[in-house]
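One structure is given below, encoded as structure tokens.
Any read-out appearing in this document is the output of simple, stated calculations on the displayed coordinates, not a laboratory observation. Quick caveat: nothing in here was measured; it's all calculated off a predicted structure. Here Cβ is always computed from backbone atoms with ideal geometry, including for glycine, and neighbour counts include all displayed protein chains.
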Amino acid sequence: MLNIAHITFDCTDAATLAGFWSQALQRPVDDGANEYFATIDAAEPGPTYMFLKVGEDKTAKNRCHLDLTADDREIEVKRLVGLGAAYQADHDEYGHRWTVLRDPSGNEFCVG
């Protein structure tokens with residue numbers, strides 16, 4: 001049986017990106033975060049958010065990304081942009097509405 005252990009984000013500074021996601025998800029960064037490695041929720045059940053410093057910049061669209069839900073999408077999108085996310089686009093397809101954003105390292109994610 002397989003279980004998801006980590007959702008991993010490549011980035012240029014692990015502690016900085018973990019700080020963004022910590023504020024976005026309202027969960028603390030685990031102790032020991034540094035520019036090379038950081039985690040959120042390592043002690044909680046379910047997958048850990050892991051952030052790893054890599055040497056190359058992001059160059060293409062993510063093939064896998066987070067889809068987040070919100071009680072009020074517009075308010076959450078404004079909050080996330082205020083934290084450092086970049087707005088990319090709104091979509092309304094197949095009866096679903098969502099907003100695509102990029103985190104400070106350029107990783108796309110959606111808020112529906």
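For the range 53-104, applying the loop criterion from DSSP together with a ceiling of 15 other beta carbons within 10 Å to the GluC sites (Glu not before Pro) yields Glu56. Counting every other Cβ atom within 10 Å of each residue's Cβ, Asp13, Asp103 order from fewest to most as Asp13, Asp103. From its DSSP helices (H runs of at least four residues, each -39,500 (n - 2.57)), the chain gives a residue-normalised ellipticity at 222 nm of -6500 deg cm²/dmol.
Under a Cβ-only charge scheme (Lys and Arg +1, Asp and Glu -1), can you give me the dipole magnitude of the chain about the Cα centre, in debye to the nearest 20? Walk me through the numbers before you get to the answer.
Numbers: 10 positive and 19 negative charges, 30 e Å.
For this selection, approximately 140 debye.
Its Cα centre serving as origin, the range 65-112 has a Cβ charge dipole (Lys and Arg +1, Asp and Glu -1) of approximately 180 debye. The angle separating the long axis of helix 73-83 from the principal Cα axis of greatest extent in the chain is about 40 degrees.
The GNM of the chain, with springs linking C-alpha atoms under 10 angstrom apart, assigns the highest mean-square fluctuation among Arg79, Arg63, Arg97 to Arg63.
Compute, for the range 1-57, the length of the dipole vector about the Cα centre, with Cβ point charges of +1 (Lys, Arg) and -1 (Asp, Glu) only. Units Debye, rounded to 20. Please report the intermediate quantities before stating the final value.
Details: 2 positive and 9 negative charges, 33 e Å.
Roughly 160 debye, rounded to the nearest 20.
Once you divide the Cα radius of gyration of the chain by 2.2 N^0.38 Å, the number left is 1.08.
Exposure proxy ranking for Thr48, Thr59, based on other Cβ atoms within 10 angstrom of each Cβ and starting from the fewest, stands as Thr59, Thr48.
The modelled label-to-label distance between Ala70 and Leu25, using points 7 Å beyond Cα along the C-beta direction, is 1.7 nm. Sequence-distant contacts, meaning Cα pairs under 8 Å at least 6 residues apart, place the relative contact order of the range 5-112 at 26 percent. For the range 1-57, the Kirkwood hydrodynamic radius comes to 11.3 Å, computed from all pairs of different C-alpha atoms.
Relative contact order of the range 65-112, please, whole-number percent, based on alpha carbon pairs below 8 angstrom and at least 6 residues apart. List each step's numbers first, then the result.
Working: 77 pairs, mean separation 21.1, N = 48.
For the range 65-112, the relative contact order is 44 percent.
Looking at the chain, what % of its DSSP beta bridges pair antiparallel, to the nearest 5?
On the way: 16 of 25 bridges.
Antiparallel: roughly 65 percent of the beta bridges in the chain.
GNM on the chain, alpha-carbon springs under 10 angstrom: the most fluctuating residue among Ala60, Ala18, Ala42 is Ala60.
Applying the criteria of a DSSP loop state and at most 14 other Cβ atoms within 10 Å to the chymotrypsin sites (Phe, Trp or Tyr not before Pro) of the range 1-40 yields Tyr36. Under 1.5 on a/c is rounded, so check that first for the range 61-112, then, if it is not, pick prolate when a/b is larger than b/c and oblate when it is not; a ≥ b ≥ c are the square roots of the alpha carbon gyration tensor eigenvalues. Oblate shape, in that a/c is at least 1.5 and b/c is the bigger or equal ratio.
The lysines within cross-link reach of Lys78, meaning a Cα-to-Cα straight distance under 26 Å and a gap of 8 or more places when in the same chain, are Lys58, Lys61.
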